[in-house]
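We did not get these values from a lab; they are worked out from the coordinates using the rules stated. Quantities reported herein were computed from a predicted structural model and do not represent experimental measurements. Backbone-built Cβ (ideal geometry, glycine too); neighbour counts: all protein chains shown.
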Amino acid sequence: MFLTHLERGITRFSNVLGMVSTILFIALLFNVFYDVLMRYAFNDVSIAMQELEWHLYAAIFLLGIPYGIQHGGHVRVDLIYENLTIRGKAWIDLFGCVVFLMPFTLLVGYYGVSFSHEAFLLGETSGDPGGLPYRWIIKAVIPFAFFSMAISGLGMIIRCINVLRGVSEEGFSHPPIRH
């Protein structure tokens, strides 16, 4: 019962990150619209707005990955995976999370903390005149996102354990998200 509640809590956390990613995407659309309008209608270019575009894009991508992990939008070999039983899928996902996902995300998250902390201590700003200050903010998204991916991976591990225990088939009964 505890594992089921923990899995649902992790799913809610991943869903919140997916919603944040969606909101940032809308902000990116407005940013690009503003930037294009100012450039072509008024012949005015803002370095800060251009940098904000790639900052938003990076945050959208990094914060959207935990949502994708939790909802089956991640990469796997579907040719083999789709023909497996639910228990077979659970074993594959469990192996992939424990051997590949968790070590990688925890390693990048761990080293990302010092990376963003150093940028904060140095007061790192854009190298371009008129660029964005506080570059540490986007650098801090990196460890946050990778630790969030690890949390989503933990949710996937718990889901696999619940399936193997026969407690739940949730998350394995529908096909993965296809784009």
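Using the alpha-carbon atoms, what tilt in degrees (0 to 90, nearest 10) does helix 136-164 show relative to the longest principal axis of the chain?
The angle comes out near 10 degrees.
Using a Gaussian network model of the chain with C-alpha springs under 10 Å, which one of Ser114, Ser14, Ser152 is most mobile by mean-square fluctuation?
In this elastic network of the chain, the residue with the biggest mean-square fluctuation among Ser114, Ser14, Ser152 is Ser114.
Select from segment 62-103 those trypsin sites (Lys or Arg not before Pro) which occupy a DSSP coil region and have at most 13 other Cβ atoms within 10 Å, ordered by residue number. Write down the numbers at each step before the final one.
Numbers: sites: Arg76, Arg87, Lys89; in loops: Arg76.
Passing sites in segment 62-103 do not exist.
Can you give me the P(r) profile for segment 2-164? Cα pairs, bins 5 angstrom wide beginning at 0, each as a whole percent.
2, 9, 14, 16, 16, 13, 10, 8, 6, 4, 2, 1, 0
Using only Cα atoms, tell me the angle between helix 102-122 and the longest principal axis of the chain; keep it within 0 to 90° and round to the nearest 10.
The angle comes out near 20 degrees.
Assigning unit charges at the beta carbon (Lys, Arg +1; Asp, Glu -1) and nothing else, what dipole magnitude in debye, to the nearest 20, does the chain show about its Cα centre? Please report the intermediate quantities before stating the final value.
Details: 11 positive and 13 negative charges, 124 e Å.
Rounded to the nearest 20 debye, it is 600 debye.
For the chain, what is the mean residue ellipticity at 222 nm derived from helices alone (per DSSP H run of n ≥ 4: -39500 (n - 2.57); sum divided by total residues; nearest 500 deg cm²/dmol)? Don't skip to the end; give the middle numbers.
Values: 6 runs with 130 residues, N = 179.
So the helix-based figure for the chain works out to -25500 deg cm²/dmol.
Gain in length, Met38 to Ile23, computed as 0.36 nm per residue apart minus the alpha-carbon separation, to one decimal in nm? It would help to have the intermediate numbers written out before the result.
Working: separation 15, 0.36 × 15 = 5.40 nm, distance 2.26 nm.
In short, 3.1 nm is gained.
Using a 10 Å cut-off around each Cβ, can you sort Thr105, Thr4 from fewest to most neighbouring Cβ atoms?
Details: Thr105 25, Thr4 14.
Placing the least packed residue first, the sequence is Thr4, Thr105.
Label points 7 Å out from Cα along the Cβ direction at Leu107 and Val167: separation in nm?
It is 3.0 nm.
Can you give the angle from 0 to 90° between the axis of helix 2-42 and the longest principal axis of the chain, with both taken from C-alpha atoms, to the nearest 10?
The answer is roughly 30 degrees.
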